[in-house]
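Q: My questions all concern the structure below.
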Amino acid sequence: MDLIYGWQAIGYSCQGRAHLRTGLPNQDYWLQGGAEDYMLAAVSDGMGSCPQARLGAQATCRAFQAAAKEFLAYGQGELIVDDPRGYLQRVAALRTEIIRFKGVELRDADSTGLLAFFYEDRVLLAQLGDGVVLAIDALGRPLRILHDGKTESFLNQVRGFGSSGMARGWKAAVLPQALVEAVLLCTDGVEMEPLAEYAHLAADLQAEAVGGISSCQRAICQLLEDWPRYGSQDDKTLVFAFKSQRSKL
């Protein structure tokens, strides 16, 4: 992806085996966005039982970006990383607007939310529902991991914004960018146990990125397309955000 604000994000999303059999579309979604003063990577997993799950996932990612643009337009970017609660509330409100504008009920478009937002000297990590957000340092050690806390594999019980759209249950962390070398965001289709395996994966991808963006992108695509773990049938999305070589000069 293009260089934005000293960070880059690459990712891949693939349809799960269950959806391939039934003909349903991929219900995950992700995006990267930013400008000279910020970068964000957003991921969402639409609830499989909802008829408009993919719309919900798209609305979530677009709301992350739209809310960030609003705060920055009013010179309030620091509020996002100083106290994320107001920003996350705005994300939920914008998501509701997007879905209702399409004439869809919120209960028919439930989804999760995963975010890495880079601004000034800090990075905000946020997670709602299933999935994992992980930050590692330059030695590949985990700095912070946000996850749903489930211990059983592949329960496929997505907890997200809910039928009210109020999005209770956010987990968030703000870290100094100087400590963070990379951030990994995964939907629950990329299931790994124990959680330490996510840090190993992030470190492996960081090593691939040193060899070139194309190499890292190919590694992510191959990983998800060939995913064998636990007989997973879910859609799978992985986004990897990392410092560009230019930002280290």
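Bear in mind these aren't lab numbers, they're just calculated from the coordinates by the rules spelled out. Remember, predicted model here, so these are calculated numbers, not experimental data. In this analysis, Cβ positions are derived from the backbone assuming ideal geometry, glycine residues included, and neighbour counts consider all displayed protein chains.
Q: Based on the alpha-carbon gyration tensor of the chain and its eigenvalue square roots a ≥ b ≥ c, which shape applies: rounded if a/c is under 1.5, prolate if not and a/b is larger than b/c, or oblate?
A: Since a/c reaches 1.5 but b/c is at least a/b, the shape of the chain is classed as oblate.
Q: Let me know the number of lysine pairs in the chain closer than 24 Å at the Cα, not counting same-chain pairs under 8 apart.
A: Qualifying lysine pairs in the chain: 7.
Q: How do Thr112, Thr187 rank when sorted from fewest to most other Cβ atoms within 10 Å of their own Cβ?
A: Thr112, Thr187
Q: Using the beta-carbon distance between Arg100 and Gln76 and R0 = 25 Å, what value does 1/(1 + (r/R0)^6) give for FRET efficiency, to the nearest 0.05?
A: Efficiency, rounded to the nearest 0.05: 0.50.
Q: For the stretch 7-248, with only Lys/Arg (+1) and Asp/Glu (-1) charged at the beta-carbon, what is the dipole magnitude about the Cα centre, in debye rounded to 20?
A: 360 debye
Q: Find how many whole Å separate the alpha carbon centroid of the stretch 198-215 from the alpha carbon centroid of the stretch 53-128.
A: 27 Å
Q: Please list, by residue number, everything in the stretch 14-30 whose backbone N is under 19 Å from a paramagnetic label point 7 Å out along Cα→Cβ of Asp108.
A: Counting backbone N atoms under 19 Å from the label point, the list is 24-28.
Q: Right, next: Calculate one ³J(HN,Hα) per residue across the stretch 182-188 by plugging θ = phi - 60° into the Karplus curve 6.51 cos²θ - 1.76 cosθ + 1.60, and present them in order as whole Hz with x for glycine and proline.
A: Result, rounded to whole Hz: 6, 10, 10, 10, 9, 6, 6.
Q: Quick check: pseudo-label points 7 Å beyond the Cα along Cα→Cβ at Asp37 and Ile213, how many nm apart are they?
A: 2.4 nm
Q: With a cap of 10 neighbouring Cβ atoms within 10 Å, and only residues DSSP puts in a loop, list the GluC sites (Glu not before Pro) found in the stretch 121-226.
A: Listed in order of number, the matching sites are Glu152.
Q: DSSP loop trypsin sites (Lys or Arg not before Pro) in the stretch 128-228 with at most 11 other Cβ atoms within 10 Å of their Cβ, which ones?
A: Passing both the DSSP loop test and the Cβ count: Arg168.
Q: Moving on to the next point. May I ask you to list the chymotrypsin sites (Phe, Trp or Tyr not before Pro) in the stretch 1-108 that are in a DSSP loop and have at most 11 other Cβ atoms within 10 Å of their Cβ?
A: For chymotrypsin sites (Phe, Trp or Tyr not before Pro) across the stretch 1-108 that sit outside H, G, I, E and B with at most 11 neighbouring Cβ atoms in 10 Å, the list reads Tyr74.
Q: Could you calculate the FRET efficiency of Gln233 with His200 from 1/(1 + (r/R0)^6), where r is the beta carbon distance between them and R0 is 22 Å, rounded to 0.05?
A: 0.40
Q: Of Gln89, Ala57, Gly77, which is farthest on the positive side of the dipole of the stretch 51-154, counting Cα position, with +1 on Lys and Arg Cβ, -1 on Asp and Glu Cβ, and the Cα centre as origin?
A: Ala57
Q: Counting helices only, and only those DSSP H runs with n ≥ 4, report the 222 nm mean residue ellipticity of the chain as the sum of -39,500 (n - 2.57) divided by its residues, in deg cm²/dmol to the nearest 500.
A: One gets -10000 deg cm²/dmol as the mean residue ellipticity at 222 nm.
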